[in-house]
1. Do we have A:THR431 as outside the structural domain of A:SER558 (by TED's automatic domain parsing), part of a loop (DSSP other than H, G, I, E, B) and crowded, with 19+ Cβ neighbours inside 10 Å here?
2. Please specify each residue of the stretch B:153-167 satisfying the condition of being out of contact with any helix residue (DSSP H, G or I) (no Cβ under 6 Å at 6 or more places or on another chain) and outside any helix (DSSP H, G or I).
3. Can you pull out the residues in the stretch A:23-56 that are surrounded by fewer than 17 Cβ atoms within 10 Å (Cβ to Cβ), charged (D, E, K, R) and under 23 Å from A:PRO174 (Cβ atoms)?
4. Return yes or no: is B:ARG192 away from chain A (no Cβ under 14 Å) and modelled with pLDDT of 90 or more?
5. Of the residues in the stretch A:571-582, how many are closer than 27 Å to A:GLN612 by Cβ and surrounded by fewer than 19 Cβ atoms within 10 Å (Cβ to Cβ)?
6. If a residue counts only when it is out of contact with any Ser or Thr (no Cβ under 8 Å at 6 or more places or on another chain) and closer than 30 Å to B:ALA18 by Cα, which helices (runs of 4 or more DSSP H) contained entirely in the stretch B:56-150 have at least 3 such residues?
7. Considering each residue of the stretch B:73-85, count those that are of a type in the set (S, T, N, Q) and more than 12 Å from the chain's Cα centre (by Cα), and give that number.
8. It is to be established whether one or more residues within the stretch A:435-452 are more than 30 Å from A:LEU90 (Cα to Cα) and of a type outside the set (A, V, I, L, M).
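The values are calculated or read from the model by the stated rules, or taken from the named source; none is laboratory data. Just so you know, these numbers come straight off a predicted model, no measurement behind them. For neighbour counting, all protein chains shown are included, and Cβ atoms are generated from backbone atoms with ideal geometry for every residue, glycine included.
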Amino acid sequence: MDDRKHLLTLSIPQLLRWRVAKTGDKIALREKDYGCWNSYSWNEYYDFVRKTGLGLRQIGFGKGEKVAVISDNIPETLFVALGAQAVGGLSAAIYQTSLPQEIADILNYLGISIVFCNDQEQVDKVTDVRESITAVKKVIYEDSRGMRGYRGDDWYISIDEIYDLGEELHRRQPELFDTLVDAGAADDVCHFCLTSGTTGLPKGAMLTHRNYINMGLQLTEVDPLEETDEYVSFLPFAWIGEQMNSFGVAMATGIAINFPESVETSMDDLKEIGPHFMFGAPRIYETIRSQIWLKIDESYWLNRLIYTYFMKIGERAAGYRMSGKTLPVGLRFQAWLGKQMIYRPLVNQIGFLRLRRAYTGGAALGPELFTFYQAIGVNLKQIYGQTEIVGIAYMHRDGDVRPDTVGKPLPATECRISEDGEILSRSASVTPGYYNLPEKTEELLAGGWLHSGDAGYIDDNGHLVVIDRISDVMHTAAGEMFSPMFLENRLKFSPYIKEAVIFGDGREYVAALINVDPIVVGKWAEDRGLSFSTYMELSGLKEVASLIKGEVASINSSAEQPHFRIHRFALLYKLLDMDDGELTKTGKIRRKYVREKYEDLYEALYDSGVDQKDVEAFYQYQDGQTSTVTTTLHFHTMDRP
Amino acid sequence: MTTLHISDVTLTFGGLNALTEVNITIEPGLITSLIGPNGAGKTSVLNCVSGFYHPSKGTIRYGEQDITRASPHQVSNMGIARAFQNLELFRGLSVLDNLLLARHQSLRYSIFHALIFYGKASRMEAENRAYVEKVIDFMELEPYRKSRVGNLSYGVQKRVEVARALTLAPQLLLLDEPMAGMNIEEKEDIVRFIIDLKMEWDITVVLVEHDLGVVMDISDQVYVLDFGELIGSGNPEEVAADTRVIEAYIGEEHT
C-alpha cells in the first residue's frame with residue numbers, strides 16, 4: 001500500500017503515464033463495437049489521450065480552458081476528458097438527457113470552449129442553442145452518421161480530424177506532450193462535476209486530480225482490486241458514480257474499463273464481461289431482482305420449489321455472513337448445497353459470478369434486497385457520499401453489512417455530526433468548492449468540513465445512519481417529525497410499488513400517491529386474468545387497488561411510530577417521469593413540482609369526503625404531440641388500528 | 001448508378017387486370033414512393049420487379065438488362081432487395097442468424113471448405129459477419145442480436161425485415177409498407193433509416209407506404225396508382241395538387 005502513497009502527488013494524466021510505464025501492454029479499455037470486444041492497452045490509451053490533447057491544442061484549446069462532453073460511455077469520452085486535462089485544461093460532463101436550453105445554461109456557466117458529442121442527437125441539441133453559446137469554438141463529434149448537414153461548417157470537427165492534428169503536432173514537437181503533462185499538479189482542478197440540482201441550474205463542483213485519486217486509493221484500501229479485474233462502465237459519465245471509477249479507481253488500481261455496445265445492451269454486455277466490482281443506483285439492483293422473480297415465476301414447479309427452499313436457507317446464512325458470525329455446520333452444508341444447485345447458476349445468469357463486491361448508493365435500498373443479494377452470494381454493500389467528496393466516503397466492510405446503515409468512513413476520512421444533526425465529513429477528496437459560487441462554497445465548506453445537507457447519526461457500532469435531507473424532513477400538523485423519503489422507500493420495498501410520493505407536511509396525517517410497478521403488477525394481473533391495455537387501466541383496476549391496500553396495511557403495521565402510518569393513498573394513472581420533470585436526472589422525486597402538478601389530487605387526499613375524482617390526464621409524447629384523456633381516480637382510506 | 005424502367009407493364013390474373021400499362025421510372029439515388037388506395041396494385045409492381053410475377057405485357061429493364069422474365073434470385077443477384085409487408089423471417093431463429101442466412105448466396109465456398117472450416121470458408125464467414133454487423137449497427141439492432149425473431153415486438157421485427165434486405169448489399173431497395181402498424185416513435189426511426197440509406201449508403205429506395213405524411217416528407221418522386229392504372233406522378237407538391245389523385249386517394253370533396 002505504501003508504494004501507492006506517492007500516486008497522490010500525481011495528476012491524473014501523470015498517473016496514466018505512470019500506468020503505461022508499469023503495465024503498458026495490459027488491457028486498459030475495452031469497447032464492444034460491431035459485435036466484437038475491441039481492446040486498448042494502457043499504451044494505446046495514452047497514445048489516444050496524447051493525440052486528443054495535442055489535437056485540442058491545435059484547434060485553439062489553451063491552458064485553463066474547458067471542454068464539455070455530452071456523450072454515451074465510449075473510450076473517446078475518456079480520451080477527450082483526459083486529453084484536455086493533460087494539456088492544462090479542464091473537463092466537464094453533461095447528462096445526455098439534458099435539453100438544449102439546459103445544455104446552453106451549463107456551457108455558459110462553466111465557460112466551456114469546446115464541446116464533445118458522441119452522435120448527431122447531441123450535436124443537434126448544441127446546434128439548437130448555437131446563438132447563445134458564443135464561447136464555444138468547436139463541436140467535436142465521434143459518430144459521423146447523420147452529420148452530412150453540418151459538412152462544410154468548420155464549427156464542427158470529427159474526432160478523427162482531432163487525432164490527425166494531434167499526431168501531426170506530436171511529430172513536429174515530440175517533447176511537447178510530456179512537457180505539458182509535467183506542468184500539471186495534483187491540486188489543480190481537473191473536472192467540473194455537476195450536482196443534480198432538484199431546482200434551478202446545477203452547481204459545478206470543482207474536483208482536483210488528488211480528489212479523484214485519493215478516493216480510488218482509499219476505496220481500494222478497504223476492498224482491494226487486482227490489475228486484472230474488470231469493470232463495466234454503464235452509469236452516465238456525468239454522474240460522479242461513473243467518474244470516480246474511471247478517473248479514480250481505474251487509475252489507482254489499473255483495472256480494465258469495459259464500455260457496452262449501447263445503453264440498451266449494457267446488461268447483456270455485463271453478462272459477457274463478468275465484472276469483478278460494480279456500482280449502481282438501487283434501481284439497477286431492484287430491476288435485476290424483479291427479472292429473477294419473473295423468470296422463476298414462469299419456471300416449472302420443481303424449479304420454483306427448489307428456489308423457494310434454498311432462498312430461505314440462503315437468507316438465514318446471509319444473516320450470519322452479514323454480521324460476520326460463523327455459520328452452524330448444518331446450515332453451512334445446506335448453504336453450500338444451495339450454492340451449487342441454485343445460487344451459482346443464478347448469479348452466473350445475471351453476469352455476477354466473478355463479482356467480488358457490488359456497491360449501491362445514491363438512494364436507500366430495501367433491507368430485503370440486501371438479504372436477497374447476500375443470500376445468493378452477491379456481496380452487495382451500501383455506500384454513501386456526495387459529488388463534493390467524489391462519491392464514496394462511507395461504506396460497509398465485508399462481514400459487517402447492516403442494511404439500515406451506510407457503513408463506516410473510508411480510511412483517512414473523518415466524520416462528525418453537527419449540532420443540528422447534519423453529517424459533516426473531511427478528507428483529501430473534498431472539493432475546493434463550487435465554480436464561481438463563493439457563497440454556496442462558503443456554506444458547503446464552513447469550518448473546514450464538508451456539509452452534506454443530510455441528517456444522520458452514528459450508531460452504537462460506529463456505523464453512519466442517514467435519515468434524510470435536512471431540508472426534506474417534514475412535520476405533521478401536530479409537530480411530529482417524519483422523513484417522506486424514508487416512508488417512500490418503505491413503500492418501494494414492495495415489489496408491486498414502483499414509485500411513491502409522500503405528503504403530510506403541516507397536515508393531520510401522512511398520505512401517498514403511488515405508482516404500481518407496470519411489469520410486476522402487469523404480470524400479477526395477467527396471472528389472474530384481469531384485462532388491461534394501458535398503464536392507466538392497470539392502475540385503475542379494483543383488484544390492483546386492494547393488492548396495494550394490503551401492501552400499505554402491512555407497511556403500516558410495522559411503522560415505528562403511529563404518525564408514520566399512511567392514512568390515505570391513490571394510485572397515480574401515469575408513471576412519474578424524468579421527461580415530465582417529475583423526477584430528477586438521477587431518478588429522485590421533485591416533490592414540490594409533483595405536489596403543484598397534482599394539486600387537485602393532493603387536496604383530495606386530505607378531503608376524506610372524496611372517494612373518487614375525474615381527472616384529465618395530459619400526455620406529451622416524445623415527438624412533442626400532446627393528448628388529453630379523462631379518467632377516474634380512486635382514493636383509498638386505510639383503517640385506523 | 002442504374003435506372004429501373006417499368007414500361008407499359010400489364011399484369012393479368014384471369015380476367016382481372018392488376019396492372020394496366022403502367023410506366024414508372026425509378027431514378028437512381030432517389031426515394032420514389034408508390035401510393036394509392038388498397039388494391040391499387042402497388043405491391044403488384046414490386047412483385048413484378050422482384051420477379052415473383054411476370055407481367056403479361058410490357059418490359060422491365062434495370063439499366064441495360066431486361067429483367068421482365070428474371071427469377072427472384074436473379075433479380076436479387078443484380079442488387080435489388082426487397083423487404084416484405086408481411087414479414088418473411090424465420091421466427092425460430094435469432095436476428096443474427098436470419099441476417100447471416102440472408103447472405104448465403106454471396107458465400108462462395110464448397111462443402112469441403114465448410115467441413116474443415118479453414119481458409120476460404122472461415123474468412124468468408126468472417127467477412128459475412130462483419131457485413132451483417134454493419135447492418136445491425138445501422139439499423140440499431142444491437143440489443144436484439146441474439147433474440148429469437150418470434151419473441152420481438154412487431155416494430156422491431158419490421159426493422160429486422162428491412163435489415164434482412166440490406167444484408168444483400170442492394171443498390172435498389174424495395175420497401176413494402178415498412179411502417180405499417182408502427183407507433184409514431186418507431187415510424188420516426190424508420191424514416192431516419194430510410195433517409196440515411198439514401199444519403200449515406202447511396203441506395204435507391206422504392207417505398208410503398210400508406211402514411212401520406214411520411215411519403216410527402218421524404219419522397220423525391222411519387223407515383224399514384226388506382227385500380228391498376230397510373231393516375232399521377234411527379235414530386236410531392238405536384239402530386240398533392242393533382243385533382244385526380246385527390247379524388248382517387250383522399251376521396252371527393254363534398255361541398
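1. On the way: outside the structural domain of A:SER558 (by TED's automatic domain parsing): yes; part of a loop (DSSP other than H, G, I, E, B): yes; crowded, with 19+ Cβ neighbours inside 10 Å: yes.
Criteria met by A:THR431.
2. Within the stretch B:153-167, just B:SER153 meets the criteria.
3. A:ASP25
4. Details: away from chain A (no Cβ under 14 Å): no; modelled with pLDDT of 90 or more: yes.
So B:ARG192 fails the test.
5. Residues of the stretch A:571-582 that are closer than 27 Å to A:GLN612 by Cβ, as a first pass: A:571-577, A:580-582.
Retained after the next criterion (residues that are surrounded by fewer than 19 Cβ atoms within 10 Å (Cβ to Cβ)): A:574-575, A:577, A:580-581.
Number of matching residues: 5.
6. Numbers: elements: B:72-77, B:95-102, B:111-116, B:120-138.
In the stretch B:56-150, B:72-77 are the helices (runs of 4 or more DSSP H) which contain 3 or more residues that are out of contact with any Ser or Thr (no Cβ under 8 Å at 6 or more places or on another chain) and closer than 30 Å to B:ALA18 by Cα.
7. Here is the first cut: in the stretch B:73-85, the ones of a type in the set (S, T, N, Q) are B:74, B:76-77, B:85.
Now narrow it down to the ones that are more than 12 Å from the chain's Cα centre (by Cα): B:74, B:77.
So the count comes out to 2.
8. Scanning the stretch A:435-452, I find no residue that is more than 30 Å from A:LEU90 (Cα to Cα) and of a type outside the set (A, V, I, L, M), so the answer is no.
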